[in-house]
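Student: For reference, the structure I am asking about is given below.
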Amino acid sequence: MFFMPFCCAAQNFTETEVIRFKNEAKAVTIIRDNWGIPHIYGKTDADAVFGLMYAECEENFKGVERNYMYQFGKQSEAVGESKLYNDIQMQLIADSADAIKDYKTSPLWFKKLLNAFADGINYYLYKHPEVKPAVFHHFEPWYALMFTDGSVSATQTGGIELSEVKRFYANGPESIGDVTVLHTTENAIIDRETGSNGFALAPSRTASGHAMLYINPHVPFYFRDEVHIISGEGLNAYGAATWGNFFVYQGFNPHCGWMHTTSNADVSDLYAEKVIKKGGKWYYEYNGKLKPVITRQLVINVKNGDKTEPRSITGYYTHHGPVLGSRGGKWLALRSNNRSYNALLESWLITKAQNFEEYKKAMRLVSNGSNNTVYADDKGHIAF
């Protein structure tokens, strides 16, 4: 692997890990072109993922860590009280226990990619002891399964507002009273009209006689890295990778090109739960019977000056999902597909698709609900 020379010392890594990192690094080459774009070469797909994550951290480790602070609901640990209810919302929505389970049951070939993802970031931290992470000093392979969609608007809340989460959890559900919140479609319309653009031109419409794809993402400045990843196992993808993701989110390979724009597909639902309290415990009515509300303690570290203070929050759940708020005296539980093994699998498989059928096969996992897709390939197919 091509690196700039410097002195370093191990931080938070075992000798076994360091030996593994160094052996993995030997199988990877990173060449930056005249514009600083990393071209990452590996013998295997896992080697290329290792190199990609190292290169992303070289560019913007803070961006990588920031995205995982958001996904894990750990922003308060770095910035303080202002992000407390964002963190409560995300810890309710994305369960790390499910991500760990998905990692353990992943097929070996995919688990190698997940392992390489973590090793690439950890090797960067090992080689750069001067970098001081705000929260994550050691990345685990299953972390990638907490951030399975590279979209800027991936988290679906069913229409719940952060203010409603705050009102419900600030002083506990006993204090909320009956409040009805009216919603309009105004926000959805604005999102649709100001999102990213993608244009696919059929061969009959171009001077060259070939299909053309125009990729025009609208994202916050420096939201993604421009990369080229190549492996001896058929990977050869160029495009934009979201900080912390190990796949090309928007781009092309020798045969297929793909552009994602923001979708307002209805892929999450809020369930209005009729609740009562009996004997000091909460119950909700389902099919004419009372079922106990499930509770779980969320511990959120909140930065206060030079220290962090743990806050313990009781999270409420029904079998539909986490309770995020209430309206009209009923609790609202979210059922969604926000954190999904299949979403990450789909995101990876489309980068290796060699033709339209393979691309469609990957998309049949139907797990990246926040994305529309604009597609073109070297056989002249275009699709939306």
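Student: Please go through the stretch 244-303 and give me each residue that is in a loop (DSSP other than H, G, I, E, B), β-branched (Val, Ile, Thr) and touching a Phe, Trp or Tyr at 6+ places or on another chain (Cβ under 9 Å), ordered by number.
Tutor: Hits for the stretch 244-303 are 248, 293.
Student: Give the number of residues within the stretch 72-90 that are more than 18 Å from the chain's Cα centre (by Cα) and closer than 28 Å to residue 17 by Cβ.
Tutor: So the answer is 2.
Student: Can you find even one residue in the stretch 333-347 that is under 30 Å from residue 80 (Cα atoms), modelled with pLDDT of 95 or more and more than 20 Å from the chain's Cα centre (by Cα)?
Tutor: yes
Student: If we scan the stretch 138-154, do we find a residue that is more than 21 Å from the chain's Cα centre (by Cα), crowded, with 21+ Cβ neighbours inside 10 Å and acidic (Asp, Glu)?
Tutor: The answer is no; no qualifying residue exists.
Student: For the stretch 62-113, name all the residues that are in contact with a Ser or Thr (Cβ under 8 Å, 6 or more places away or on another chain) and among the charged types (D, E, K, R).
Tutor: Passing the criteria: 77, 83, 87, 112.
Student: Counting only residues that are within 16 Å of the chain's Cα centre (by Cα) and among the hydroxyl-bearing types (Ser, Thr, Tyr), how many does the stretch 91-131 have?
Tutor: 2
Student: Could you list all residues from the stretch 308-366 that are aromatic (Phe, Trp, Tyr) and part of a helix (DSSP H, G or I)?
Tutor: 341, 348, 356, 359
Student: What are the residues in the stretch 299-324 that are without any contact (Cβ under 8 Å) to a residue 60 or more places away in the chain and among the basic types (Lys, Arg), if any?
Tutor: 307
Student: Right, something else. Take residue 74 and decide whether it is of a type in the set (Lys, Arg), part of a helix (DSSP H, G or I) and either in contact (Cβ under 8 Å) with a residue 60 or more places away in the chain or more than 30 Å from residue 305 (Cα to Cα) (or both).
Tutor: On the way: of a type in the set (Lys, Arg): yes; part of a helix (DSSP H, G or I): no; either in contact (Cβ under 8 Å) with a residue 60 or more places away in the chain or more than 30 Å from residue 305 (Cα to Cα) (or both): yes.
Judged against the criteria, residue 74 is not a match.
Student: May I ask you to list the residues in the stretch 358-384 that are of a type in the set (Asp, Glu) and either under 18 Å from residue 264 (Cβ atoms) or crowded, with 21+ Cβ neighbours inside 10 Å (or both)? Steps first, answer last, please.
Tutor: Narrowing the stretch 358-384 to residues of a type in the set (Asp, Glu): 358, 377-378.
Matches in the stretch 358-384: 377 only.
Student: Let me ask something additional. Within the stretch 144-159, is there a residue that is at pLDDT 95 or above and small (Gly, Ala, Ser)?
Tutor: Checked the stretch 144-159: at least one residue is at pLDDT 95 or above and small (Gly, Ala, Ser).
Student: Please name all residue pairs, on different chains or six or more residues apart, with Cβ atoms under 6 Å, provided the first residue is in the stretch 129-154 and is closer than 17 Å to residue 116 by Cβ and the second residue is modelled with pLDDT of 95 or more and of a type in the set (S, T, N, Q).
Tutor: Matching pairs, first to second residue: 139/122; 141/115.
Student: So in the stretch 342-357, with the set limited to residues that are over 18 Å from residue 105 (Cα atoms) and among the charged types (D, E, K, R), which one is surrounded by the most Cβ atoms within 10 Å (Cβ to Cβ)?
Tutor: Of everything passing the filter in the stretch 342-357, 352 is surrounded by the most Cβ atoms within 10 Å (Cβ to Cβ).
Student: Restricting attention to the stretch 250-294, which residues are loosely packed, with under 11 Cβ neighbours inside 10 Å and either at positive phi or among the aromatic types (Phe, Trp, Tyr) (or both)?
Tutor: 279, 280, 287, 288
Student: Another question about this same structure. Give 302, 248 a once-over and let me know the one that is among the β-branched types (Val, Ile, Thr), closer than 16 Å to residue 348 by Cα and modelled with pLDDT of 95 or more.
Tutor: 248
Student: If you go through the stretch 216-239 one residue at a time, how many are of a type in the set (A, V, I, L, M, F, W, C), within 21 Å of residue 346 (Cβ to Cβ) and modelled with pLDDT under 95?
Tutor: 2
Student: Spot the failing condition for residue 82; the list is (1) without any contact (Cβ under 8 Å) to a residue 40 or more places away in the chain; (2) outside any helix (DSSP H, G or I); (3) hydroxyl-bearing (Ser, Thr, Tyr), and only one is missed.
Tutor: (2)
Student: Here are 93, 88: which of them is farther than 28 Å from residue 30 by Cβ, at pLDDT below 95 and surrounded by 20 or more Cβ atoms within 10 Å (Cβ to Cβ)?
Tutor: 93
The values are calculated or read from the model by the stated rules, or taken from the named source; none is laboratory data. Worth saying up front: this structure is predicted, and the values here are computed from it rather than measured. In this analysis, Cβ positions are derived from the backbone assuming ideal geometry, glycine residues included, and neighbour counts consider all displayed protein chains.
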